[in-house]
Amino acid sequence: MKSTKHSLLFNIEKTRLEMILLASQHGYSNPHVVQCSQKLDLLLNDYNKKVKTN
């Protein structure tokens, strides 16, 4: 199922806030923070692809 731009933006912001919270609790090199950062990268890439195609 493809995400809409609105839902992608929502998930990007949610993941960004989660990453900030995890980093403040565990440090930037914690595996959970890195995993969250990678998830955020994928979401941002998906969003950029959607923007470029429209």
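Before moving on, here are some points about what is shown:
Each row is one residue, and each column tells you yes or no for (1) among the small types (Gly, Ala, Ser); (2) touching a helix residue (DSSP H, G or I) at 6+ places or on another chain (Cβ under 7 Å); (3) free of Cβ contacts under 8 Å to residues at least 60 places away in the same chain; (4) surrounded by 15 or more Cβ atoms within 10 Å (Cβ to Cβ).
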{"position": "6", "(1), (2), (3), (4)": "no, no, yes, no"}
{"position": "15", "(1), (2), (3), (4)": "no, yes, yes, yes"}
{"position": "26", "(1), (2), (3), (4)": "no, yes, yes, no"}
{"position": "43", "(1), (2), (3), (4)": "no, yes, yes, yes"}
{"position": "49", "(1), (2), (3), (4)": "no, no, yes, no"}
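- Filtered residues of the stretch 28-41 (kept if surrounded by 13 or more Cβ atoms within 10 Å (Cβ to Cβ) and part of a helix (DSSP H, G or I)): 32, 33, 34, 36, 37, 39, 40
Only the coordinates and a few stated rules stand behind these numbers; no lab work does. Quantities reported herein were computed from a predicted structural model and do not represent experimental measurements. All Cβ positions, even for glycine, are placed from backbone atoms using ideal geometry, and neighbour counts span all protein chains on display.
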